[in-house]
Amino acid sequence: MRVLALIKRICQQMFRDKRTLALLFVAPLLILTLMFFLFNGNTVDPKLGVLKVESGLVDAFKKADIKVKQYEAVTKDTVVDDDLDGLLQQDNGKLKLILRNDDPSKAKVLQMKVNQVVAAEFQFKMMMKSSGTAPAITPKSIDVNYVYGNADTVFFDVLSPILVGFFVFFFVFIISGIGLLRERTTGTLERLLSTPIRRVEIVTAYLVGYGIFAVIQTMIVVFYAINVLDIVLAGSIWNVLLINLLLALVALSLGILLSTFAASEFQMIQFIPIAVIPQVFFAGIFPLEGMANWLQAVAKIIPMYYAGDALKGVMYKGASISEISCDLLALVIFAAIFIVLNILALKKYRKL
């Protein structure tokens, strides 16, 4: 009977905690649905620019599901400016392939397709030739160059900058949220709000206080990743620090904001599936091009989308501060919105 009584008590507690029930039954369905749409997006055909390439080879590329764009002239920035996955040039029977390589797995697929098409075209011409002379184009005559990275670049080289930002976001979010929650549950926040101190001052103090440790943590993570793990860094380390510090500010203000809606540390942890996990999906780890339009729109309201793009741009592509200015501005706007909401959210705890 005592066991049954305890079971009844646990069930009653669970039924009274609607947020826990939602986490248990609804959150897995939402995340599973999101993953379903992410992994079942449309496959995006690679885009290949061609310059002075014979028409038979161009037709063969199109049949191989490669989007071909023909050029009369190109510059060194054509691949990036026109958002091409690669550019193939023909000169005196030799082929030169320039791969963008911002996604190494996608670049390797395009390179493999180009090699297969060229090899097939070579074999076809060999059969059609009645003389013993070999065709001008041969599979071994393709010279491959890279805009970003090199032939040894792997997907983790692109993934690692995003992971650096995500870990900064995750741990700052958890520590700041639980820290302020402890202030509430122990009564410290209520006593503060009963004094003449303003809500703006309280939010500022908590942001600066926890921000000091967020800065230290950010610097440790960035310097360790670059100097110890030897993670690729093509741009300035100061730009990397700036991005991560802004991201830490966003995580700090978001963690403090959500902690005002939690009654316990367990409830604070419950916000992870809603506030943290989607950050992973839209940070740039999964390509957005093949996703549904509404998912691409959702990505635009996720802070890690901008942080991941900026970190990848600086650490992998060597982007300058001006090239990531839009991403930095978005992070500043997110932080400002969360800070204002923090000030408004504290109003419900002021008794006097």
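The values are calculated or read from the model by the stated rules, or taken from the named source; none is laboratory data. No experiment lies behind these values; they were computed from the predicted model shown. Cβ atoms come from the backbone with ideal geometry, glycine included; neighbour counts cover every protein chain shown. Surface areas here come from the heavy atoms of the whole protein model, side chains and all, with no ligands, DNA or RNA. Shrake-Rupley method; radii C 1.70, N 1.55, O 1.52, S 1.80 Å.
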Legend entry - Size of electric dipole in the chain: Cβ of Lys, Arg +1 and of Asp, Glu -1, about Cα centre, debye, nearest 20: 1600
Legend entry - Of 63/312; 62/106; 47/312; 52/108, those spanning more than 27 Å from alpha-carbon to alpha-carbon: 63/312
Legend entry - Per residue accessible area in Å² of the chain, where ligands, DNA and RNA are left out and the probe is 1.4 Å: 55
Inset, instruction - Note the angle between two axes, namely the Cα long axis of helix 27-39 and the longest principal axis of the Cα atoms of the chain, as a number of degrees from 0 to 90, rounded to the nearest 10. - result: 10
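When Lys and Arg each count +1 and Asp and Glu each count -1, what net charge do the other residues less than 11 Å away from residue 287, Cβ to Cβ, add up to?
Values: positive: 106; negative: 102, 103, 289.
Summing Lys/Arg as +1 and Asp/Glu as -1 gives -2.
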Inset, instruction - Have a look at 296, 13, 111 and tell me which one the Gaussian network model of the chain (Cα, springs below 10 Å) gives the largest fluctuation. - result: 13
Inset, instruction - On a 0 to 90° scale, report how tilted helix 237-259 is relative to the longest principal axis of the chain, with both axes built from alpha carbons and the result rounded to the nearest 10. - result: 40
Inset, instruction - Would you mind checking the tilt of helix 104-128 against the longest principal axis of the Cα atoms of the chain, expressed as 0 to 90 degrees and rounded to 10? - result: 20
Inset, instruction - For segment 180-273, give the magnitude of the charge dipole about the Cα centre (Cβ charges: +1 Lys/Arg, -1 Asp/Glu; no others), in debye to the nearest 20. - result: 260
Inset, instruction - Using a 1.4 angstrom probe on heavy atoms only, work out the carbon and sulfur share of the accessible area of the chain in %. - result: 65
Inset, instruction - Sum up the charges of everything whose Cβ sits under 14 Å from the Cβ of residue 209, counting Lys and Arg as +1 and Asp and Glu as -1, but leave residue 209 out. - result: -1
Inset, instruction - Please report the relative contact order for the chain, taking Cα pairs under 8 Å with a sequence separation of at least 6, and give it as a percent rounded to a whole number. - result: 19
Inset, instruction - Loop only per DSSP, at most 14 neighbouring Cβ atoms within 10 Å: give me the trypsin sites (Lys or Arg not before Pro) in segment 162-244, ordered by residue number. - result: 198
Legend entry - At most 11 other Cβ within 10 Å, DSSP loop - trypsin sites (Lys or Arg not before Pro), segment 274-325: 300
Inset, instruction - Would you calculate, for the chain, the mean residue ellipticity at 222 nm contributed by helices, counting each DSSP H stretch of 4 or more residues as -39,500 (n - 2.57) and dividing by all residues, to the nearest 500? - result: -19000 deg cm²/dmol
Legend entry - Length-normalised contact order of segment 142-289 in % [C-alpha pairs under 8 Å, at least 6 apart]: 42
Inset, instruction - Note down the net charge around residue 157, summing +1 for each Lys or Arg and -1 for each Asp or Glu among other residues with Cβ under 12 Å from its Cβ. - result: -2
